[in-house]
1. Quick one: is B:Val217 of a type in the set (Val, Ile, Thr), under 23 Å from B:Lys293 (Cα atoms) and either within 16 Å of ligand 3 (Cβ to nearest atom) or in a loop (DSSP other than H, G, I, E, B) (or both)?
2. Taking A:Leu434 as the residue in question, decide whether it is in a strand (DSSP E or B) and surrounded by 20 or more Cβ atoms within 10 Å (Cβ to Cβ).
3. Does the stretch B:522-547 hold any residues that are at the interface with chain A (Cβ under 7 Å from one of its Cβ atoms) and either in contact (Cβ under 8 Å) with a residue 40 or more places away in the chain or within 15 Å of A:Met529 (Cα to Cα) (or both), and which are they?
4. Since B:Ala384 meets every condition but one in (1) modelled with pLDDT of 95 or more; (2) under 16 Å from B:Ile190 (Cα atoms), which condition does it not meet?
5. Just checking, does the stretch B:256-278 include any residue being surrounded by fewer than 19 Cβ atoms within 10 Å (Cβ to Cβ), without any contact (Cβ under 8 Å) to a residue 40 or more places away in the chain and touching a Leu at 6+ places or on another chain (Cβ under 7 Å)?
6. Taking the conditions exactly as written (more than 16 Å from ligand 1 (Cβ to nearest atom) and touching a Phe, Trp or Tyr at 6+ places or on another chain (Cβ under 8 Å)), does A:Leu10 satisfy them or not?
7. Please list, ordered by first then second residue, the pairs with beta carbon atoms under 8 Å, 6 or more apart or interchain, first in the stretch B:465-480 and small (Gly, Ala, Ser), second modelled with pLDDT of 95 or more.
8. So which of B:Asn360, B:Asn393, B:Asn411 is surrounded by 20 or more Cβ atoms within 10 Å (Cβ to Cβ) and either under 23 Å from B:Ile549 (Cβ atoms) or in the same structural domain as B:Ala536 (by TED's automatic domain parsing) (or both)?
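The values are calculated or read from the model by the stated rules, or taken from the named source; none is laboratory data. Just so it is clear, the model here is predicted, and its values are computed rather than measured. FYI the Cβ positions are ideal-geometry reconstructions off the backbone, even for glycines, and counts take in every protein chain you see.
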Number of protein chains: 2
Amino acid sequence: MKREEFHEMLKQRVLFLDGAYGTEFFKRGYKVDLIELLNVKNPQAVAQLQKEYVQAGADILLTNTFSANRAKLKAHGYEELFEKINVEAVKIAKSVANGRLVFGDISSTGSFVKPLGEMDFDEAYFIFKEQAQLLIESGVDGIIIETMSDLKELKAAILAVRDVSKDIPLIASMTFDANGKSVTGTSVEIFSTLMNDLDVDVASINCTLEPKDMLNVFIQLAKYCNKYLCVEPNAGKPILRGNVLEYKTTPDEFAIYMRDFVEFGANIVGGCCGTGPKHIKSMVEYIGNQKPKSKEPSKRQFVSSRTVMKPVEDFLIIGERINASGKKKLQVQIQQKDFSTIVQLAQEQEKEGCAVIDVNLGIEKLLEKDHFKQVIIELDRVSALPLSLDIQNLEFLETAAKEYVGRPMINSALAREDHLIERLKILKRYGGILIVLTMEKDIPKTPEERFKLALKAVEIIKKEGVDLDRIFFDPLVLPVGAGNDYRVTVKTIELLNSAGLKTCIGLSNLSFGMPEREKVNAAFLALCMEAGLKAAILNSKETTTMNIIEGMLLLKGKELAKTKVEFEDPL
Amino acid sequence: MKREEFHEMLKQRVLFLDGAYGTEFFKRGYKVDLIELLNVKNPQAVAQLQKEYVQAGADILLTNTFSANRAKLKAHGYEELFEKINVEAVKIAKSVANGRLVFGDISSTGSFVKPLGEMDFDEAYFIFKEQAQLLIESGVDGIIIETMSDLKELKAAILAVRDVSKDIPLIASMTFDANGKSVTGTSVEIFSTLMNDLDVDVASINCTLEPKDMLNVFIQLAKYCNKYLCVEPNAGKPILRGNVLEYKTTPDEFAIYMRDFVEFGANIVGGCCGTGPKHIKSMVEYIGNQKPKSKEPSKRQFVSSRTVMKPVEDFLIIGERINASGKKKLQVQIQQKDFSTIVQLAQEQEKEGCAVIDVNLGIEKLLEKDHFKQVIIELDRVSALPLSLDIQNLEFLETAAKEYVGRPMINSALAREDHLIERLKILKRYGGILIVLTMEKDIPKTPEERFKLALKAVEIIKKEGVDLDRIFFDPLVLPVGAGNDYRVTVKTIELLNSAGLKTCIGLSNLSFGMPEREKVNAAFLALCMEAGLKAAILNSKETTTMNIIEGMLLLKGKELAKTKVEFEDPL
Ligand SMILES: [Zn+2]
Ligand SMILES: [Zn+2]
Ligand SMILES: [Zn+2]
């Protein structure tokens, strides 16, 4: 099926997903190493359960392939069954679907991607790609990637599915605790806002929580995510009775709670661990034929790392000090893949109050892709702030963007069409926010010329289908000591701001070669902020500059954005 | 003679003053306690010397009354001769003048005025007034106050002469060392700029220096003073031979040097100690009939105390912390005339980088004139920075302005005609710079209304004959935390600035009741300075604010003004 048809269905009414496979087979007494083995050893059992889900009213059946990627099968010694298990799963589901949709089910490889584990991003990507290829070739109507606890692994899976098919409907589902955090430290908000950027049809949360604990997490998802939404809670917290895990939420209790998710905007509802056909049946009866609630997800933009999310409105402070240009010692370290100084600089700048850390390795001609991959992994390892990927070489930029966990800034594109489109492609594929310089080759002298180039870029960005909210324009700051008029930048900011475009400057260039740089930078920044500036790459060691940011925000009746988005109690 | 006639003469050609009396009588062997006794004991001797000066070509004869004030005569036991000596002196001079002008000569009382000595300002004033009255009643054509080393005493003398006659031509002359400093620490520039304000016709330097050492000092006078200029050097450095002081500069040497003073703008040239009729004759021959050189004295404005002068252009930092409003402990101290805390606050603020110290004693209803007199004297005693006299009560303001040594700021007048005219009168009588609030009774809401009030005030100021360069307008800052829009002040500054009017704000009011006041104040100040603000009363403990001032000036390609005006070598 085409994605457009699926979207039409989602607009018509709330759809029902099926319930659990693993816990249900276990309850029914099937004793196998991996429940996916049933696809080949006891296809009747699988068909029977799926038939019951169809009878219960499910609109979407998942294939019994949750753990059927090559890595997991291999870990259990069933690698040779990889193709058969997946192909049979689709066959079984389709044989009982009776018009219902069949979605190929994909989950974790069982190994964490670097830096959490030893698996390379590309390795995970190929594992997912191989399974997705098989499922799609076998005729599934869509793909669901579910119960993912690592945003990076999820990203690999999403990219893999999309590289197999641009047209297949795709649900991407992560699992969170009651505080809205995954075990890898990613919040539901970080997940939500990255899903906005990536090419998925439905963002979803599933497993771990029973319905009442999952509702608040879902509300956050609905608040920040502008995709269609899916939810699959467990049937309560599992209780160990003897050697059997029992899930105590009854079908009626489950169904009552599930109505709340619909109220808060769910487009697809289903069950995860502990749910069976009765839960689904009850849920379908309680919810019935409902038009999905209209949602108004927040228009706020955020940058994020794996664990930290920062709003970009009001003012975004981007630390400039990871910049190897002209720093011989740091350059040597980087060449040797010693990123200790960079990690230290990132941590210092976080303490100083930065929201984002710009990473500019300089000396790009002396480096390889692996340098960029490693620096991203090292900064992720220490839970660094969101990054601004300040990389000239397109291939290196893509390497970094791929390896990155969260929603980065991409620094930067020229307003020249070819250069801009190349970077917009990276933005669309990997997510994030792009800084566009108001110049093509040379820097225009006047504010009006710079503004005109920005407007030209706006047309290209719109044509490429990227939301302008994801773009900062850099009005360009030149050294005032070299005779440049600082007012040109201020005026350019005013022009861009009154056209509703966000601006970001590289502050320190202003005072290049001057005495008392901190004082000059800080004074200028106040003028820029009054003109509407929304972000600056700056030296956060400059206390005066940092004070001025806070002072300007207070003057305007705003406060410096808090580190985290508060988890709100909606009741 | 009327002042206008005298001015006409000064425009026509360079005038010649006579030479010394004291050293010349001494050389001629007259042995008296005070040479002024000759007026009654040997009037022929006086007449003879003055006749020689007339023959030498002097246009102006001075009466032999240099030490003939009541205080000095009393000190030598000749108080009863006070009237006779002065009246006779005028008679003698007029008897030989033969059409030349006779100027009554006045000099120091011989005692320093407080805080340098024990004499009250008013006491000095009355001594000068008494002598001036006598000389003027006796028919002199003008008055010269000369060889003054204390600017405060000179001010008392000037006010005294003017209170006797608004119409009498007046030359005010101070004496400086080769570095342009009086023994009381006042620079020739401080003297020059105060003379611009006070109602004198000619500003002059005399005595102490021989011509070649005096030239640089005179050049500074010519650079900063916009009045007619007079100069009377000594005939060289005195050498003690036996018990006789000899002055070695020959008449020709003297005359050659005196031409230089004419080149640099002197309107009147004469001789002081060691000069005799031959020096004057030679000088008259060398210089001859010359039109005075046209001068272009600096338009720069300065505030000053006795010893410190600060330019008001670029940016003037006025310390706010001497303000007793709401400070119970300080109020009690002030009532008890204990000014130790105030002195300490003045010194702290100087260290922090202020150029001017605002003095607001608050609780004016509980104070008397003497409190204001004493605080000015105490701050003068410690060589404080220039003051901003922040005083509501008109009588108290006048007391402070009178006692003040230098060119203060007067803070402040309303734009209401009666209130403004009262303060302009003080400004005209005592000198200084006035802050005019852009309000009458209530604070206007809009920038345009505030600007309109400023323009109304401009008309009044012009009508009162005060140079607009001596006025700051306060665009008024209101607490932003109380919902006031800070942009109203910024816009008012822009309007005033584009009309060529200088602006000064009270910064701290902005952040009243807010957290992080320093940050808010500093940010706002940057915006105001960009709009053209030229001065602010502020808390100089706020490092961020002080940094921003320097940063804004550097941004605009300026530097924070140096403490002192450099003594330039013109050659
Ligand atoms: Zn589950
Ligand atoms: Zn002398
Ligand atoms: Zn003299």
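1. yes
2. yes
3. Once the filter is applied, which keeps residues that are at the interface with chain A (Cβ under 7 Å from one of its Cβ atoms) and either in contact (Cβ under 8 Å) with a residue 40 or more places away in the chain or within 15 Å of A:Met529 (Cα to Cα) (or both), the stretch B:522-547 yields B:Ala522, B:Ala523, B:Phe524, B:Ala526, B:Leu527, B:Glu530.
4. (1)
5. Within the stretch B:256-278 (the criterion being surrounded by fewer than 19 Cβ atoms within 10 Å (Cβ to Cβ), without any contact (Cβ under 8 Å) to a residue 40 or more places away in the chain and touching a Leu at 6+ places or on another chain (Cβ under 7 Å)), the answer is no, since none of the residues qualifies.
6. yes
7. Within 8 Å, the pairs are B:Gly465/B:Lys428.
8. B:Asn411
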